[in-house]
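Comments concern the structure below.
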Amino acid sequence: MHEKLVRHRLTLHSGQQYSPNAIEAARRDLLGLGPFAAISVQVGTAADSTGGVPVTFVFRERLRHAVTFNAAYSSDLGGSGGVTWSDRNVFGNAEQLNIAASVLNLGGHSTTGVGYDTSAKFIIPDFGHRDQSLQFAVGAIKQSLRPTIRRPSRAE
């Protein structure tokens, strides 16, 4: 993680009046970026010569890459299973890349064959200004569903 992003994102600044609520809000905000597993805050016990109290943030980054597996079953569409690979910090500024692939319609009575669902998503946080992200996404899906035949009721 690049220090420049963390300093830019940090909502606390030198000379600001001490506030436990502001410190906790800043900690939660940084944690929300995604690449950090934990952020602890160490507050000095005594004021320095200027009357300020040192506040130190200690970061523990999450594993950069993650793989997740999923499975589901529906009585009409059958089973599905997939995998997602994620990079939580592509270029060191909390950019995220997620690539997913799933196999669909395994054995359902409302399908005519096996399908797939694939996607790739790249997210750039704080694009342009704080709390605004730029997202690029592409995906492909194939599903072969049986048409439903509507039978008229006796009242019609």
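The values are calculated or read from the model by the stated rules, or taken from the named source; none is laboratory data. Predicted model, so just to flag it, every value in this text is computed and none were measured. Cβ atoms come from the backbone with ideal geometry, glycine included; neighbour counts cover every protein chain shown.
Within the set of pairs 6+ apart or on separate chains, which have a first residue in the range 27-48 that is farther than 14 Å from V6 by Cβ and exposed (fewer than 11 other Cβ atoms within 10 Å of the Cβ), a second that is at pLDDT below 95 and of a type in the set (S, T, N, Q), and C-beta atoms under 7 Å apart?
Cβ pairs passing all conditions: Q42/T56.
Mind checking which pairs have a first residue in the range 134-156 that is closer than 15 Å to L77 by Cα and a second that is among the small types (G, A, S) and part of a strand (DSSP E or B), Cβ under 8 Å, 6 or more apart or different chains?
Pairs found: I141/G115; K142/G115; Q143/G115; S144/G113; S144/G115.
Given the condition touching a residue at least 60 places away in the same chain (Cβ under 8 Å), under 23 Å from K121 (Cα atoms) and in contact with a Lys or Arg (Cβ under 6 Å, 6 or more places away or on another chain), answer yes or no: does some residue in the range 83-93 qualify?
Yes: one or more hits.
Evaluate the range 133-142: report whether one residue or more is in contact with a strand residue (DSSP E or B) (Cβ under 8 Å, 6 or more places away or on another chain), assigned to a loop (DSSP other than H, G, I, E, B) and loosely packed, with under 15 Cβ neighbours inside 10 Å.
yes
Among what's in the range 49-82 and is surrounded by 11 or more Cβ atoms within 10 Å (Cβ to Cβ) and of a type in the set (S, T, N, Q), pick the residue that is farthest from I124 (Cα to Cα).
Filtering the range 49-82 for residues that are surrounded by 11 or more Cβ atoms within 10 Å (Cβ to Cβ) and of a type in the set (S, T, N, Q), the one farthest from I124 (Cα to Cα) comes out as S74.
If you take the residues of the range 83-132 that are of a type in the set (D, E, K, R) and surrounded by 15 or more Cβ atoms within 10 Å (Cβ to Cβ), which of them is farthest from the chain's Cα centre (by Cα)? Reasoning before the result, please.
Going residue by residue through the range 83-132, those that are of a type in the set (D, E, K, R) are 87-88, 95, 117, 121, 126, 130-131.
Remaining after also requiring surrounded by 15 or more Cβ atoms within 10 Å (Cβ to Cβ): 87-88, 95, 117, 121, 126.
Values: D87: 10, R88: 8, E95: 10, D117: 19, K121: 11, D126: 14 Å.
Within the range 83-132, the match that is farthest from the chain's Cα centre (by Cα) is D117.
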